[in-house]
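Taking it in order: structure first as structure tokens, then the write-up.
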Amino acid sequence: MGPKKKVETKMFKKKKEVITMEVKKEMIEKHEAGMRVSDIAKLYSKSTSTICTILKKKEEIKGLDAAKGVTRVSKQRPRVLEDVEKLLLVWINKKQLAGDTVNENLICRKAKALYTELVSKLPSTSRESEESFKASRGWFDNFKRRSGIHSVLRRGEAASSDAEAFTAQFQELIRSECYLQQQVFNCNETRLFWKKMPRRTYITEEESAMPGPKPMKDRLTLLLCTNASGELKVKPLLVYHSENPRAFKKCKVQKSQLNVMWRSSSKPWVTRILFVEWMNMVFGPEVKKYLLERNLPLKVLLVMDNSPAHPPGLEDDLLEEFKFIKVKFLPPNNTPLLQPMDQHVISNFKKLYTKALFQQCFEVTEGTNLSLRDFWKNQFNIVNCLKLIDKAWNGVTNRTITSAWAKLWSDSFVGHDIEGCAEFEPIVDEIVFLGKAMGLEVNEDDIEELVEEHGQELTTEELMDLHCEQQKEVMEVILTGKEEERSEDSLTANEIQEEHGQELTTEELMDLHCEQQKEVMEVILTGKEEERSEDSLTANEIQEMCKMWETLQNFVEKHHPNKVVAVRAMNLFNDHAMSHFRGILKKRQKSLDRFLIKSSPKRKKQFGESTQ
């Protein structure tokens with residue numbers, strides 16, 4: 001028999017051999033001197049692909065001043081990428097709190113789009129220095145780690161399974177508590193471009209060409225609410241940027257007599273404060289009166305999503321007489337699947353609004369000497385809009401509303417078309433007919449596009465503005481501690497609605513953000529030294545307080561329903577408040593160390609004399 005062949009088993013993977021910067025520079029110099037890639041590979045015992053990779057980055061490597069033995073130099077993250085991630089967090093929170101599904105692919109696509117837009121706004125010299133951003137899997141994992149986001153879904157199946165589980169739970173609640181259709185309500189916010197025509201009409205084209213603010217970008221936010229039977233449409237909450245528009249004075253409008261609860265805000269979105277006010281002043285009284293008139297049990301279930309305007313704990317803000325109202329929150333990332341108002345109710349309302357708008361324009365141009373252009377520019381105002389809102393909201397049929405509950409509450413749906421779309425088609429046809437009768441170039445696609453634009457995503461500029469607002473609101477809560485302003489929407493920094501008025505440029509928004517941060521830091525750093533000097537605080541007091549803060553952090557991280565929000569709020573407090581007290585401890589420790597060092601020779605001498 002021949003000798004046995006020796007069997008070698010690899011117990012460990014061969015450790016990857018790294019190449020120092022000095023060696024990489026040598027390779028580049030040899031290649032520039034005329035040596036071929038294959039010869040360099042043989043000389044350094046490397047593959048030709050490794051040499052080619054190094055040569056591709058030769059300009060970057062040659063410009064590095066690395067210490068001896070360094071294998072790689074980590075460069076500072078580009079400022080534009082930092083901005084991308086800030087805006088991305090705003091966008092993600094908007095999606096998640098609105099109940100939309102957010103996954104890795106969606107986030108990476110949005111990140112690339114934000115990066116492309118921000119880089120396009122840079123000066124040409126800076127733009128050339130920016131490398132391409134691929135939004136890779138590695139970047140995504142690092143972004144998740146840096147931002148504290150742990151609830152991002154990688155698969156859409158999770159949302160679907162959650163929806164099925166919630167539906168079963170919801171229907172069991174309905175059966176066990178014996179709720180009727182008249183007692184179960186759903187509400188949701190939506191924005192409305194109240195003075196906007198389809199994109200291809202000459203009115204929109206002329207307005208787009210005009211300088212300055214565009215009336216077609218003027219928008220308001222509506223909170224719509226109805227019960228599952230469609231019998232009670234609660235008075236909507238309307239938030240607009242102006243408290244008293246000019247048209248109110250001209251038409252002698254009394255806001256208390258409007259068909260909506262009129263509220264104003266520089267940013268026309270629904271906040272928790274406004275939502276609670278609407279609950280106590282409108283929803284509670286109307287629902288109570290409705291149930292009593294029909295001799296129905298005084299109990300109500302309000303179903304809604306986890307938007308910042310209505311977070312958990314809302315029932316505690318209700319007046320005592322409305323404690324019969326119970327709240328049920330839809331699970332995150334499932335709003336498009338389950339929320340009744342999103343199942344054609346709001347889209348149907350917007351189509352009815354557009355129909356009423358076209359109808360009024362047609363009647364004015366046919367019955368008066370006004371042209372469409374004159375009426376639209378000089379006559380159509382927010383008072384007209386309110387009348388159209390009322391007409392459109394009343395026009396949403398019981399059939400549409402009842403069918404919208406089919407996915408969430410199948411027992412409530414009897415004898416209706418599940419999709420409820422059949423009645424929508426004539427509305428679009430009528431709008432197109434009216435538009436063509438007025439000489440407008442419109443078709444079905446134009447109307448669908450107009451309706452979709454009311455719910456379109458935030459622009460990059462609007463995301464930047466929201467980011468600045470969120471930072472400002474959170475810091476106001478931390479610095480002032482005013483309880484009445486400390487609504488969860490300011491803590492979470494996730495008020496996700498749209499800004500009204502003329503849009504600032506990206507550069508102006510970034511400058512605004514920097515100014516706000518500077519002002520906040522000036523307040524924090526200069527502080528109110530007169531109120532309590534550092535000397536009045538003992539080290540034990542500060543250490544005890546730091547331990548309490550750590551306990552609070554652990555509690556919030558464990559129990560807060562939105563980990564992203566919790567981590568961000570705590571990081572802000574850590575950076576802008578707790579760091580002050582830790583700095584005091586550090587200074588005192590340094591002072592103590594200096595004292596011990598100075599006094600040590602003297603103590604040694606004393607110790608030595610005493611021992612002799």
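Any read-out appearing in this document is the output of simple, stated calculations on the displayed coordinates, not a laboratory observation. Nothing here was measured: the structure is a model prediction, and the numbers come from that model. Don't worry about glycine lacking a Cβ; one is built from the backbone with ideal geometry, like all the others, and counts go over all protein chains shown.
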Assigned charges on the beta-carbon of Lys, Arg, Asp, Glu; the stretch 247-326 dipole about Cα centre (debye): 540
Using a simple spin-label model with points 7 Å from Cα along the Cα→Cβ vector, what separation in nm is obtained for Ala247 and Glu60? 5.5
I want to check the label-to-label distance for Glu315 and Ile427. Put each point 7 Å from Cα in the C-beta direction and report it in nm to one decimal. 3.4
Determine the alpha carbon to alpha carbon distance for each of Lys233/Lys391; Lys24/Lys58; Lys110/Lys134; Lys326/Lys407; Lys196/Lys217 and list only those over 19 Å. Lys326/Lys407
Run the dipole for the stretch 304-364 about the Cα centre, Lys and Arg Cβ at +1, Asp and Glu Cβ at -1, nothing else charged, and hand back the magnitude in debye, nearest 20. 400
For a quick protection proxy, order the peptides 48-59, 430-441 by their average other-Cβ count within 10 Å, most packed first. 430-441, 48-59
Determine, at each q value in 0.10, 0.14, 0.19, 0.20 (inverse angstroms), the log₁₀ of I(q)/I(0) that the Debye formula gives when each Cα of the stretch 228-355 is one equal point scatterer. -0.39, -0.78, -1.35, -1.44
q = 0.20, 0.24 Å⁻¹, the stretch 282-390: log10 I(q)/I(0) [Debye, one scatterer per Cα]: -1.07, -1.25
